[in-house]
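Data block below; observations after.
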Amino acid sequence: MSILKIYYPEDTQTQPSTSLEAPPKMILPFNRGSLKKPQSPQQDWVLRRSQTLFNNHKCPDCSSSAVAPLELRDGLLNRKNRLIPGTSTVVGFRCDTCDSEWPA
């Protein structure tokens, strides 16, 4: 970790000031636009997937919340050759109450 020096005198051999008048304060501006991090393509994919799941959390026919996503088997595999949850492509949804299906 680095140390940020706020004050560094130009002349190191100065005498202490004895005047009653305080020097004017200096305010350093910070650019707030640089605080926002750019999104990577992976984050964009995760956001789109979560938005799709949220938009289809209720059945359009019976308004039930018992909805399961229909996914392809194209997800990522872990070291034990098992599917990692949440990495497959969502192609549709199925209601467990009325058995209706709709595309994503």
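In region 88-100, the residues that are within 18 Å of residue 72 (Cα to Cα) reach residues that are in a loop (DSSP other than H, G, I, E, B) and among the charged types (D, E, K, R) with C-beta atoms within less than 8 angstrom, at least six apart or across chains, in these pairs: 88/73; 88/74; 89/74; 95/61.
Under the condition of being polar (S, T, N, Q), more than 15 Å from residue 69 (Cβ to Cβ) and at pLDDT 65 or above, the residues counted in region 28-58 number 3. Can you work out which of the residues in region 59-87 that are not acidic (Asp, Glu) and not in a loop (DSSP other than H, G, I, E, B) is most open to solvent (accessible area, probe 1.4 Å)? The selected residue is 77.
Has region 88-96 got any residue that is in a strand (DSSP E or B), charged (D, E, K, R) and surrounded by 14 or more Cβ atoms within 10 Å (Cβ to Cβ)? Within region 88-96, one or more residues are in a strand (DSSP E or B), charged (D, E, K, R) and surrounded by 14 or more Cβ atoms within 10 Å (Cβ to Cβ).
The values are calculated or read from the model by the stated rules, or taken from the named source; none is laboratory data. This structure is a prediction, so every number in the text was calculated from the model and none was measured. All Cβ positions, glycine included, derive from the backbone under ideal geometry; neighbour counts span all protein chains shown. The accessibility values were calculated without ligands, DNA or RNA, using every heavy atom of the protein model including side chains. Shrake-Rupley method; radii C 1.70, N 1.55, O 1.52, S 1.80 Å.
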